[in-house]
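Right, one structure below, let's go through it.
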Amino acid sequence: MVATHGKNIKIFAGNSHKKLAKDIAAKLHVPLGNSEVKVFSDGEVYVNINESVRGSEIFIIQSTCDPVNDNIMELLIMIDAFKRASAARITAVIPYFGYARQDRKAKARDPISAKLVADIITTAGADRVLTIDLHAPQIQGFFNIPVDHLLGVPLLANYFKAKYKDDIENVCIVSPDHGSVGRARQFAQKLKVPFAIVDKRRPKPNSCEVMSIIGDIKGKHCIMVDDMIDTAGTITAGASALMERGAIDVAAACTHGVLSGPAIQRLEESVIKEVVMLDTVPLKKSKMIDKFKVLSVAPICAEAITRIYGDIPVSPLYNETTDEKAQEALIPELEEK
């Protein structure tokens with residue numbers, strides 16, 4: 001592979017998700033870059049880059065998850081450090097993009113924080129962003145630099161396709177709200193099964209009330225699909241409504257397992273049989289329960305990084321018109337349980 005923009009590829013990690021960074025570096029067969037991201041006694045972040053990066057193609061792995069503001073500052077300072085160290089090109093690899101839910105003015109005098117974060121990442125000196133399942137795809141337009149937006153649906157769909165291969169005709173994909181209909185439709189198309197929608201209302205933030213189910217879920221294995229599970233109120237309320245209306249069982253699938261507040265307790269006590277998520281957000285051992293299944297995004301991130309470095313199209317990783325067999329070849333096989 002010959003790259004015209006940087007003499008070599010280097011992978012560096014912030015503190016938010018070092019395990020994922022190591023997994024990506026291992027898939028690429030390159031060592032993780034030698035750097036330190038620490039905090040002064042007054043809370044200020046400082047970065048030490050302990051190797052030359054002059055003329056190199058730099059990829060910084062940093063999920064902007066909890067603590068969101070600390071992780072964003074780490075990313076910004078790392079970008080600035082590499083820019084000043086004469087890196088040829090800097091790509092911010094942000095598996096989980098914090099503030100993505102603040103993408104519009106829901107009421108008067110609201111900020112649009114996702115746009116602000118996009119601006120400061122660009123201003124810091126990033127040349128490109130690689131991310132996975134933005135809460136609102138139009139956030140790509142908030143950046144004035146290229147954004148490669150990978151999808152979690154192929155990874156999750158491949159898992160359930162293998163899991164239900166002998167009973168796929170009795171599977172139904174369910175969108176937990178109207179906002180996730182597009183994702184549920186893509187998921188259902190990949191499994192070639194029907195989908196349904198949970199009609200809900202949200203009386204206040206992080207709470208919801210199910211009104212009705214649109215679609216036939218009676219006698220079905222229901223898979224609820226969303227981009228993230230945060231406090232788990234929406235997904236657990238929807239699962240209860242599905243079981244009350246005749247579903248055989250309910251599983252949940254998401255790209256980002258944020259799992260804040262009462263999420264773990266709600267999921268553990270819920271009727272949900274299994275929760276499958278990707279490792280875009282690190283899951284602490286204290287939060288791991290038997291219902292959880294975590295799939296790695298390292299293979300697809302490594303493939304995207306290889307394509308960006310080699311100036312090869314990234315679209316085969318997320319383009320719905322791409323040959324399905326070629327796309328699935330990039331996805332790791334289902335682990336034996």
Flagged in segment 246-283 as aliphatic (A, V, I, L, M), touching a Ser or Thr at 6+ places or on another chain (Cβ under 8 Å), free of Cβ contacts under 8 Å to residues at least 40 places away in the same chain and open to solvent by 10 Å² or more (accessible area, probe 1.4 Å), in numbering order, are VAL271
How do the pairs read when you match residues in segment 113-126 that are free of Cβ contacts under 8 Å to residues at least 12 places away in the same chain with residues anywhere that are surrounded by 19 or more Cβ atoms within 10 Å (Cβ to Cβ), using Cβ under 9 Å and keeping only pairs 6 or more apart or on different chains?
THR123/LEU76
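Which of the residues that make up segment 83-119 are within 16 Å of the chain's Cα centre (by Cα) and either of a type in the set (Phe, Trp, Tyr) or under 22 Å from ASN15 (Cβ atoms) (or both)?
Within segment 83-119, the subset within 16 Å of the chain's Cα centre (by Cα) is 92-101, 114.
Of everything in segment 83-119, those that are within 16 Å of the chain's Cα centre (by Cα) and either of a type in the set (Phe, Trp, Tyr) or under 22 Å from ASN15 (Cβ atoms) (or both) turn out to be ALA92, VAL93, ILE94, PRO95, TYR96, PHE97, GLY98, TYR99, ALA100.
Please indicate, with yes or no, whether at least one residue in segment 71-79 is open to solvent by 30 Å² or more (accessible area, probe 1.4 Å), over 21 Å from ALA26 (Cα atoms) and not hydroxyl-bearing (Ser, Thr, Tyr).
Checked against the condition, which is being open to solvent by 30 Å² or more (accessible area, probe 1.4 Å), over 21 Å from ALA26 (Cα atoms) and not hydroxyl-bearing (Ser, Thr, Tyr), segment 71-79 yields at least one hit.
In the list THR64, THR91, which residue meets the criterion of being on the phi < 0 side of the Ramachandran plot, part of a loop (DSSP other than H, G, I, E, B), crowded, with 17+ Cβ neighbours inside 10 Å and in contact (Cβ under 8 Å) with a residue 12 or more places away in the chain?
Numbers: THR91 fails: part of a loop (DSSP other than H, G, I, E, B).
Among THR64, THR91, only THR64 is on the phi < 0 side of the Ramachandran plot, part of a loop (DSSP other than H, G, I, E, B), crowded, with 17+ Cβ neighbours inside 10 Å and in contact (Cβ under 8 Å) with a residue 12 or more places away in the chain.
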Those residues that are touching a Phe, Trp or Tyr at 6+ places or on another chain (Cβ under 9 Å) and open to solvent by less than 10 Å² (accessible area, probe 1.4 Å), I need them from segment 158-184; list them, please.
PHE160, VAL171, CYS172, ILE173, VAL174, SER175, ALA184
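Among residues belonging to segment 284-301 that are assigned to a loop (DSSP other than H, G, I, E, B) and out of contact with any strand residue (DSSP E or B) (no Cβ under 6 Å at 6 or more places or on another chain), point out the one that is least open to solvent (accessible area, probe 1.4 Å). Spell out the reasoning first.
Just the residues of segment 284-301 that are assigned to a loop (DSSP other than H, G, I, E, B), to begin with: 284, 288-291, 296-297.
Filter once more, keeping what is out of contact with any strand residue (DSSP E or B) (no Cβ under 6 Å at 6 or more places or on another chain): 284, 288-290.
Details: LYS284: 134, MET288: 92, ILE289: 21, ASP290: 161 Å².
Applying the filter and picking the extreme gives ILE289.
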Restricting to segment 100-124, name every residue that is open to solvent by less than 20 Å² (accessible area, probe 1.4 Å) and out of contact with any Leu (no Cβ under 9 Å at 6 or more places or on another chain).
SER113, VAL117, ALA118
Within the group LEU155, LEU130, LEU150, which residue is open to solvent by less than 30 Å² (accessible area, probe 1.4 Å), within 16 Å of the chain's Cα centre (by Cα) and more than 30 Å from ILE217 (Cβ to Cβ)?
LEU130
Candidate set: segment 256-283, residues that are in a helix (DSSP H, G or I) and of a type in the set (D, E, K, R); chosen: the one farthest from LYS19 (Cα to Cα):
GLU269
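The values are calculated or read from the model by the stated rules, or taken from the named source; none is laboratory data. Remember, it's a predicted structure, so these values are computed and weren't measured experimentally. Virtual Cβ from ideal backbone geometry, glycine too; neighbours counted across all protein chains shown. The area values use the complete protein model at the heavy-atom level, side chains included, leaving out ligands, DNA and RNA. Shrake-Rupley method; radii C 1.70, N 1.55, O 1.52, S 1.80 Å.
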